[in-house]
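Just below is one structure, and these are the notes that go with it.
The values are calculated or read from the model by the stated rules, or taken from the named source; none is laboratory data. Since the structure is predicted, the reported quantities are computational estimates derived from the model, not experimental observations. Methodologically, a virtual Cβ is constructed for each residue, glycine included, from the backbone with ideal geometry; neighbour enumeration extends over all protein chains shown.
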Amino acid sequence: MDFRSHGADDGSVEDGLYLATDDHEQGSAGPLYPAYNDADRTERYGFVCGSCDSTAVQMGPMGRLECTDCGNARKPTRWDAAYL
């Protein structure tokens, strides 16, 4: 899927996914866009990597996001020193 060609503010994309282009997370190599199954943003699908257009973005237990295809990553949003 080529999500880069869909730069519209409505966030609609092909294959029934809708990107929240106005609510992205900044990764190490590009943005990570939340993707939804509906235009109302009520059914969350996951994330789409803005660097390689992959939907293979994993989220860790502390909020870390990482694209398994290109390595684009966002650091954890929470930090727990006891976790180590």
*Out of all the residues in region 37-46, is one or more on the phi > 0 side of the Ramachandran plot, within 13 Å of the chain's Cα centre (by Cα) and in contact (Cβ under 8 Å) with a residue 24 or more places away in the chain?*
no
*Among what's in region 24-38 and is of a type in the set (Ser, Thr, Tyr) and not in a loop (DSSP other than H, G, I, E, B), pick the residue that is surrounded by the most Cβ atoms within 10 Å (Cβ to Cβ).*
33
*Can you pull out the residues in region 39-67 that are part of a loop (DSSP other than H, G, I, E, B), out of contact with any Asp or Glu (no Cβ under 8 Å at 6 or more places or on another chain) and surrounded by 13 or more Cβ atoms within 10 Å (Cβ to Cβ)?*
41, 50, 51, 55, 63, 64
*asked:* modelled with pLDDT of 75 or more, surrounded by fewer than 17 Cβ atoms within 10 Å (Cβ to Cβ) and not small (Gly, Ala, Ser): is that true of residue 76 in this structure?
replied: yes
*Take region 29-39 and flag every residue that is more than 16 Å from residue 56 (Cβ to Cβ) and among the hydroxyl-bearing types (Ser, Thr, Tyr).*
36
